[in-house]
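Colleague: Just dropping this structure here.
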2 protein chains.
Amino acid sequence: MTAQAESQGGTCWGLGVGPGAPDLITLRAHRILQSAPVIAYPAPETGDSLARAIAAPHIPAGRVEIAIRTPMVPGHHPAHATYDTYAAQIADHLAAGRDVAVLCEGDPFFYGSFMYLFERLAAGHRVEVVPGVSSLGACAAAAGLPLLSRMDVLTVIPGPLSDADLERRLATPGAKAVMKVGRHLDKIRAVLDRLGLAERARYVERATMDGQVVRPLADLDGRDAPYFSMILVPAPDVADDA
Amino acid sequence: MTAQAESQGGTCWGLGVGPGAPDLITLRAHRILQSAPVIAYPAPETGDSLARAIAAPHIPAGRVEIAIRTPMVPGHHPAHATYDTYAAQIADHLAAGRDVAVLCEGDPFFYGSFMYLFERLAAGHRVEVVPGVSSLGACAAAAGLPLLSRMDVLTVIPGPLSDADLERRLATPGAKAVMKVGRHLDKIRAVLDRLGLAERARYVERATMDGQVVRPLADLDGRDAPYFSMILVPAPDVADDA
């Protein structure tokens, strides 16, 4: 960051808005939303932004809004040219002295796309990250499921991994959380079955949002899981205690 | 939970109060703190409670307060008899129709001691968990360090593990976060050195609090790390991108 950027430019805030319920946003993120003149958020190529929907009750009228629309191709690298374009647009606002709040579902650095903007902006601008409640904490809370105790390892695993990678990771001791279940549900369930873990696993979808679903994985039949769903496998000592 | 408990008893709230800065509490936790007549929080055998210090600006005067003082013996199982006693004390308030807010540093189910009360109370009372910003998100934000991207595995590792367990876990691909560094700093650093990961590792202490420290691990000399400190090792693809 140059001295000039520090003294005159606006701040880019990476704002964690939490997992879904609007009142699971932090006081800090709420305060920043009241004052930032520019609001940006990830959005699908067409349709509404989940991050904006979560924060909607807290966004004052009359803000400049930037929908960061990127092609979502599962398993592929994010569109670098697209992020270059949006970063430049945000940089123009910062250079003009306007703060920009970038809304991030959950926590900005917990599998968030904010990192692609952070990488492009942090060298030349003031960029601050406001951590948020992650989907992991929200799913465990929704399920009423302590995941691990003091000396347990936690492994967080993206659901789109290959069968072999999933099996290797799920076989390690400790607690496991499989994120982004979506269309990979059957594959993940088959691996958990093979490892004898399916009985202990809990499925959570839309945690803290309207339409929240919490089920033992074993009770889940022929369901289409949305992208924002998770499978939790508590550590054995916790499962035994409970 | 019995029908009677549901209709007449108070609610026990496991309230995540976030990682340290008082404004990183959620709107929901803040609202519950305004109304709960009884506030409980973990505390050391003597001295002040960190969870209470974090929430202090939000606690109205005149509340009944319960300091849950448990012996902290690193690596050992929590004192079951002690938790039985405090759970009974909380249950009395619930039975009398009084809500009890149990303050939890960070997120209640992310290595939190709330699970020991949850296990004792959830069967007979209404117990609700309000997820909070975890130390993990706070440390990554404080360090300005994206940890992982879309297909990376994250492994969260308690620092007190043995040399061999630490090495096995830190050697797996993906991002790593070593929690509860404290007096285990030298041991953890030696393992990271052996694995060639020390150069990429970042040390964070008291994230989002007064006296926050963020350093490359390599620059850390002869320091006494506090219990609430963390070492972050980003996934290689993220480290390369940044």
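The values are calculated or read from the model by the stated rules, or taken from the named source; none is laboratory data. This is a predicted model, so every value here is computed, not measured. Backbone-built Cβ (ideal geometry, glycine too); neighbour counts: all protein chains shown.
Colleague: Every residue in the range B:171-188 that is within 23 Å of A:PHE109 (Cβ to Cβ), touching a helix residue (DSSP H, G or I) at 6+ places or on another chain (Cβ under 7 Å) and of a type in the set (Lys, Arg), please.
Modeller: B:LYS176
Colleague: Confirm whether B:LEU148 is within 9 Å of chain A (Cβ to nearest Cβ) and assigned to a loop (DSSP other than H, G, I, E, B).
Modeller: yes
Colleague: Next up: Please pick out the residue among B:ALA51, B:ALA29 that is within 11 Å of another protein chain (Cβ to nearest Cβ), at pLDDT 95 or above and assigned to a helix (DSSP H, G or I).
Modeller: The conditions single out B:ALA29.
Colleague: Follow-up. Which one is surrounded by the most Cβ atoms within 10 Å (Cβ to Cβ), of the residues in the range A:170-228 that are of a type outside the set (Gly, Ala, Ser) and at positive phi?
Modeller: Only one residue tops the list, namely A:THR208.
Colleague: A further question on this structure: Of all the residues that make up the range A:164-180, how many are assigned to a helix (DSSP H, G or I), more than 7 Å from chain B (Cβ to nearest Cβ), touching a residue at least 12 places away in the same chain (Cβ under 8 Å) and not acidic (Asp, Glu)?
Modeller: Residues in the range A:164-180 being assigned to a helix (DSSP H, G or I), more than 7 Å from chain B (Cβ to nearest Cβ), touching a residue at least 12 places away in the same chain (Cβ under 8 Å) and not acidic (Asp, Glu): 2 in total.
Condition check ((1) of a type outside the set (Ser, Thr, Tyr); (2) modelled with pLDDT under 95) across all residues:
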site	(1), (2)
A:ILE90	yes, no
A:ARG120	yes, no
A:ALA138	yes, no
A:ALA141	yes, no
A:PRO146	yes, yes
A:SER149	no, yes
A:THR155	no, no
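Colleague: Can I ask one more? Output the number of residues of the range A:60-87 satisfying the condition of being surrounded by 12 or more Cβ atoms within 10 Å (Cβ to Cβ), hydrophobic (A, V, I, L, M, F, W, C) and modelled with pLDDT under 95.
Modeller: So the answer is 2.
Colleague: If I ask for residues that are of a type outside the set (Gly, Ala, Ser), surrounded by fewer than 21 Cβ atoms within 10 Å (Cβ to Cβ) and over 21 Å from A:PRO19 (Cα atoms), which ones from the range B:94-147 would you list?
Modeller: Of everything in the range B:94-147, those that are of a type outside the set (Gly, Ala, Ser), surrounded by fewer than 21 Cβ atoms within 10 Å (Cβ to Cβ) and over 21 Å from A:PRO19 (Cα atoms) turn out to be B:ARG98, B:ASP99, B:GLU119, B:ARG120, B:ARG126.
Colleague: Scan the range A:80-96 and tell me whether some residue there is closer than 23 Å to B:THR208 by Cα, of a type in the set (D, E, K, R) and not in a loop (DSSP other than H, G, I, E, B).
Modeller: No, the range A:80-96 has no match at all.
Colleague: Confirm whether A:GLY159 is under 26 Å from A:PRO226 (Cα atoms) and in contact with a His (Cβ under 6 Å, 6 or more places away or on another chain).
Modeller: Against the criterion (under 26 Å from A:PRO226 (Cα atoms) and in contact with a His (Cβ under 6 Å, 6 or more places away or on another chain)), A:GLY159 qualifies.
Colleague: Could you tell me whether B:LEU161 is crowded, with 19+ Cβ neighbours inside 10 Å and more than 19 Å from B:VAL133 (Cα to Cα)?
Modeller: yes
Colleague: Let me ask you something else. Looking at the range B:103-118 only, could you name the residues that are in a loop (DSSP other than H, G, I, E, B), more than 8 Å from chain A (Cβ to nearest Cβ) and touching a helix residue (DSSP H, G or I) at 6+ places or on another chain (Cβ under 8 Å)?
Modeller: Selection gives B:GLU105 alone.
Colleague: Which residues, counting only those in the range B:133-161, are among the aliphatic types (A, V, I, L, M) and within 19 Å of A:PHE114 (Cβ to Cβ)?
Modeller: B:VAL133, B:LEU136, B:ALA138, B:ALA140, B:ALA141, B:ALA142, B:ALA143, B:LEU145, B:LEU147, B:LEU148, B:MET151, B:LEU154, listed by residue number.
Colleague: Failed condition for B:VAL129, given (1) touching a Lys or Arg at 6+ places or on another chain (Cβ under 9 Å); (2) at the interface with chain A (Cβ under 9 Å from one of its Cβ atoms), with all others met?
Modeller: Unmet condition: (1).
Colleague: Right, something else. Against the definition (without any contact (Cβ under 8 Å) to a residue 24 or more places away in the chain and either more than 9 Å from chain B (Cβ to nearest Cβ) or part of a loop (DSSP other than H, G, I, E, B) (or both)), how does A:LEU161 come out, yes or no?
Modeller: Judged against the criteria, A:LEU161 is a match.
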